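Visitor: The following block contains the structure, expressed as structure tokens.
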Amino acid sequence: MRSVATLDRTTPRRRRAVLAAAGALLAAVCALTVLLAPPAHAAATTGCTADASTGCINGTVRTSAGEPAAGVRLGIVGAGTSTEATTGADGRWAAAVTTAGEYTVTLDVATLPAGEQLRDPAANPRTVAVTLGASSGALFPLGAPTQDTTAPSPDATDDATGSPSDAEQGSSAGSGGSVSWTRVWQQASNGLVFGVLLALASVGLSLIYGTTGLSNFAHGEQVTLGGILAYIGCQTLGLPLLVSGVLAVVLGAASGWLQDAGMWHRLRKRRVGATQQMIVTIGLSMALQYTYQFFFGAGALRIVTANPVTVTIGPIRISQTSLWSLLIAVVVLAGVSYFLLGTRVGRATRAVSDNPALAAASGISVEGIIRLVWTVGAGLAALGGVLMGLYLNATGWNMGGALLLLMFAAVTLGGLGQAFGALAGSIVIGLVVEMSNLVIPSDMRYAGALLILILVLLFRPQGILGRAERIG
């Protein structure tokens, strides 16, 4: 590998070529979002600032496990006016009124996430008194209905900041309720679905690391891209969900091909080190995140606005959309497994991952395999973004960034560069994230997954399916 001094002697023409390729890739992404993006205000959750002529009604809706419930619609009627509000990615909603008085807030239970219900159905609708220059809260706790559903619910008003009150947090702490076998089975099923969907993105991340040695911090934005493209197809272009999903995967895979052809291949050709390339991925991640936010806003983007149909299987409640997403993910992962184990190109991919120099000496086109891995990895991430957006009932500008830490944890836990290890690690992480809500607050569920990661690496540093190697 050439030294930094050698790299500094690279001709200005080559440097300009690398910069031009990177700029062209970023310009293409920006152009795509400009052409297809709806106005940002259409997707963003309406905010409210109380002043002398405005009063605010706000609140936060969280699932029984403490997760923000995005895309929940509420109707506000009173003082001769009516308006609507929709919860954002953080579960918060707000509505502005210009006349003081009593308002009736009604939550549309059909827009709740699959498997969720009001803890106190008798408190829907709820009446709140609003004064100008102040905020009033209307909270709707979710969870198992109370035994006496006709009893009046406790007062659930917010302060001027709109922060969740104790009435809401009582059912969203994750570990506040009693642990029952029904809840255990429900959380386990949620963890399995979440883990399998997470594996779609983690496998691609692991393949890229195995063949190039690059930790791609922009891989989460490939997940976000898939979800946003599906949203554009369904809500902006009016395409069927299946067509929108296929186009999102195809365009996501094409973006991976363009990234490698326009930037990563050129950096490898100039023998830029893995550390420098990793820094580039961090910058690319930040640029893409804020590009998404600029054009689509910070609110929740619902790929499908139709009410989900819930299926009950024994003690488990799951939506039909989640079942189909699980089936598609399993079929795709099985196809990837066959590709890696049963095809000549797949065996060549594993050979490049094990030893690129030996693979090249054997006649394998290493650069061709790496280009294929970037394309397939980006396509899998886009598919994961589509299905994860359907599972979570909404997508957003930072969905992939929030999942990136879990993807890295899954890849490291399963074994660096091991595709099947990434699959096993993703399922473990998914189960830990969801099952931890039984014993710890849901806000700490990611910390529980990382704690498991640390413990496993202390006793098996190579991961679940990794191979022990002697160093030194």
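The numbers here are math on the coordinates, done by the rules we state, and not lab data. Values in this document were obtained by computation on a predicted structure and should not be read as measured data. Note that we place each Cβ from the backbone using ideal geometry, even for glycine, and neighbour counts take in every protein chain shown.
Visitor: If the chain between residue 99 and residue 402 were fully stretched, how many nm would it gain, using 0.36 nm times the residue separation less the Cα-Cα distance?
Guide: 105.2 nm
Visitor: Assuming R0 = 35 Å, can you tell me the calculated FRET efficiency for the pair residue 339 and residue 451, based on Cβ-Cβ distance, to the nearest 0.05?
Guide: Once rounded, the FRET efficiency stands at 0.55.
Visitor: Taking 0.36 nm per residue of separation and subtracting the Cα-Cα distance, what length does fully extending residue 51 through residue 246 add?
Guide: Numbers: separation 195, 0.36 × 195 = 70.20 nm, distance 4.72 nm.
So the extension gain works out to 65.5 nm.
Visitor: Report the gain in length on full extension from residue 110 to residue 236: 0.36 nm times residue separation, minus Cα-Cα distance, nm rounded to one decimal.
Guide: Gain on stretching residue 110 to residue 236: 43.1 nm.
Visitor: Across the Cα atoms of segment 257-413, what radius of gyration and what greatest pairwise Cα-Cα distance (Dmax) are found, in Å?
Guide: Considering segment 257-413 through its Cα atoms, Rg and Dmax are 19.0, 58 Å.
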